[in-house]
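The structure appears below as structure tokens.
The values are calculated or read from the model by the stated rules, or taken from the named source; none is laboratory data. Computed from a predicted structure; not experimentally measured. Please note: Cβ atoms are built from the backbone with ideal geometry, for glycine as well, and neighbour counts cover all protein chains shown. Surface areas here come from the heavy atoms of the whole protein model, side chains and all, with no ligands, DNA or RNA. Shrake-Rupley method; radii C 1.70, N 1.55, O 1.52, S 1.80 Å.
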Amino acid sequence: NLGLGIGGLSLSTTYATVTVYQPNGTPAPGGYSTCYVSYGGCSLNLTNLPVTGTYNVVVTPISNGTGSFTATLSSDMTGTLAAGTPFSVNLTRPGQNGRLSFSGTTGGSVAIEVAGLVTNPANQSLYVTVYKPDGTTLNSAYISGAGGIVNLSNLPSTGNYTVFVDPYYASTASMQV
């Protein structure tokens, strides 16, 4: 699981498209985004890349524009959550995500709290998605300001759940989860 951040975006046009191609030349899953100059960049979530080999990143400004950017490839930050114990998450690279896990029991209730959220640039948001043990989505929330809560009542199964923390655009973030 990788995150690709396109930061420091400076273009003669308003945006560029970013496409990540697999070694066979087809687009990679999650490998497309539109990067806007007004947001300073974008990020792509490259989850479970399907094949081994060299991937290519193509950044194409609209209307034959020109410009510059910084591309940063990062592995997801990982960790294990325990009830009642804050876990520090520091996503220090543009495009970097957090992938945290916790153990849940069928019928249990859990609240995932994001507190002390600080982003760079300031006042950006993040998206938190909770995945069930089978990998399907259980719940998700848009988190802004200093933080927020994702309530998970009546967990559907016993097993390991994943909390995916994804900062918007190419921002970096720190928080307690």
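A few comments on the model shown:
- Residue among Gly53, Gly31, Gly8 that alone is surrounded by 14 or more Cβ atoms within 10 Å (Cβ to Cβ) and at positive phi: Gly8
- The residue pairs whose first member lies in region 6-19 and is farther than 21 Å from Asn56 by Cβ and modelled with pLDDT under 95, whose second member is assigned to a strand (DSSP E or B) and of a type in the set (S, T, N, Q), and whose beta carbons are closer than 9 Å, counting only pairs six or more residues apart or on different chains, are Ser10/Ser68.
- Test: residue in region 154-169 that is open to solvent by 50 Å² or more (accessible area, probe 1.4 Å), touching a residue at least 12 places away in the same chain (Cβ under 8 Å) and within 12 Å of the chain's Cα centre (by Cα): yes
- Index of the failed condition, Glu113 passing every other in (1) assigned to a loop (DSSP other than H, G, I, E, B); (2) acidic (Asp, Glu); (3) under 15 Å from Val165 (Cα atoms): (1)
- Residue in region 131-143 that is without any contact (Cβ under 8 Å) to a residue 24 or more places away in the chain, closer than 25 Å to Val37 by Cα and either aromatic (Phe, Trp, Tyr) or part of a strand (DSSP E or B) (or both) present: yes
- Only one entry in Thr129, Thr70, Thr136 is open to solvent by 40 Å² or more (accessible area, probe 1.4 Å) and either modelled with pLDDT of 95 or more or in contact with a His (Cβ under 7 Å, 6 or more places away or on another chain) (or both), namely Thr136.
- Remark: pairs (first residue in region 89-101, part of a loop (DSSP other than H, G, I, E, B); second residue acidic (Asp, Glu); Cβ separation under 9 Å; 6+ apart in sequence or on different chains) = Gln96/Asp76; Asn97/Asp76; Asn97/Asp166.
- Among the conditions (1) over 14 Å from Ser101 (Cα atoms); (2) in contact with a Lys or Arg (Cβ under 7 Å, 6 or more places away or on another chain), the only one that Leu138 does not satisfy is (1).
- Qualifying positions in region 73-91 - open to solvent by 50 Å² or more (accessible area, probe 1.4 Å) and in contact with a Lys or Arg (Cβ under 7 Å, 6 or more places away or on another chain): Thr78
- Only one entry of Ala146, Ala115, Ala111 meets the criterion of being at pLDDT 95 or above and open to solvent by 50 Å² or more (accessible area, probe 1.4 Å), and that entry is Ala111.
- Residue check, Thr17 open to solvent by less than 60 Å² (accessible area, probe 1.4 Å), among the β-branched types (Val, Ile, Thr) and either farther than 20 Å from Thr162 by Cα or not in a strand (DSSP E or B) (or both): yes
- Of the set (1) small (Gly, Ala, Ser); (2) under 21 Å from Asn123 (Cα atoms); (3) at pLDDT 95 or above, all apply to Ala82 but (2).
- Gly104, sole failed condition from (1) buried (at least 17 other Cβ atoms within 10 Å of the Cβ); (2) of a type outside the set (Lys, Arg); (3) closer than 19 Å to Met77 by Cβ: (3)
- Flag for Arg99 being under 16 Å from Thr47 (Cβ atoms) and either surrounded by 19 or more Cβ atoms within 10 Å (Cβ to Cβ) or within 18 Å of the chain's Cα centre (by Cα) (or both): yes
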